[in-house]
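The values are calculated or read from the model by the stated rules, or taken from the named source; none is laboratory data. It should be emphasised that the depicted structure is a prediction, and the values quoted were computed from it without experimental measurement. Virtual Cβ from ideal backbone geometry, glycine too; neighbours counted across all protein chains shown.
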């Protein structure tokens, strides 16, 4: 492994140079902002540059030589070499797409694209490209008809070449001038960083920034207020809310599910207090969490203070009997926290849920500080219980909640509440898109007002 440094005006341009010079195997390691070119080695009139450090895997020299082999110098029947050149042309087609989507300055991107097209116009397998070029065999001048599937290769190559030119033309038509990315970066960069901190991946960040550029004029791209408003509107369009939860026509059963330690018991107590003390409903607690004695005792204390009946059950028959016979209008069911990797235990919770025949809602509780990849696994694992909505807990313990919003949007699940503390019955709020977006962008007050 060797390391190289590449300097360019923007990070995107540095990445483009890295890919062009070292290929897809190059691994970006870090980048920093530097100044260069000042008068007498000072910072006066120095340019702001991005210095990208990348790792380049060592390659087999013979492999490199075979890749760089002249497209003209094929031996008789060397159809694999022709296939390789077609694959290279397809890769370059993808490179042009990436360049056009990256917002690179036209004066920088255009020569690179032209170079790609020139390489594909080199003498390949068609005498019409370069009249003086001949494909030679070991014995002399070679007839193209001797190459197996020649016509098929020639057709595919011409199609790829036509697509490359079309991409270039489309890029020029859609972006008569490439965006002044260096200038725009100064205004967009803070919001790109916000999205990155909230675990939006590169494609998602690029999509949102591209949508912003579509909704506001180039002149307004210097107005951070308009950029932020556009981003907020886009994020709000991705947030589905579902709350507050109302009681059923006769009896409403609400079950809280989720991983260990996300605060299901406390969240349930908060909603129980709201229903019983503020809205004057008849509420009952049921817990099937017999694994954690402390959680059961905690719920019993809450129930005693709020004068709410509580039932501790150990099997499905007892659970069904209590659900059927309990006279309360709202029954809140606490479940034991289960790892999303434990399919058997999640199936056990599902077996309890399948016994409920009344108006029934299942709520997945997830912590705001859970990593995005873990959230995806959690949503997928608990999805077999077919939960109705999501409560984001422990918002006060994380600076960023975008990962939950992002994953909920992916799985098409609405957010019903969020919690930001341990105080019962406070520290729980009905989810509203405006408040959630403010938390993502960084203007969170957490409180409902």
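Worth pointing out:
- Subset of region 239-255 [surrounded by fewer than 16 Cβ atoms within 10 Å (Cβ to Cβ) and within 26 Å of the chain's Cα centre (by Cα)]: none
- Any hit, region 236-259, residues being under 30 Å from residue 362 (Cα atoms) and without any contact (Cβ under 8 Å) to a residue 60 or more places away in the chain: yes
- Some residue of region 191-201 being exposed (fewer than 15 other Cβ atoms within 10 Å of the Cβ), modelled with pLDDT of 85 or more and in a helix (DSSP H, G or I): yes
- Residues located in region 358-386, provided they are within 14 Å of residue 199 (Cβ to Cβ) and in a strand (DSSP E or B): 366, 367
- Of all residues in region 25-47 being at pLDDT 70 or above and touching a helix residue (DSSP H, G or I) at 6+ places or on another chain (Cβ under 8 Å), the one that is nearest to residue 192 (Cα to Cα): 31
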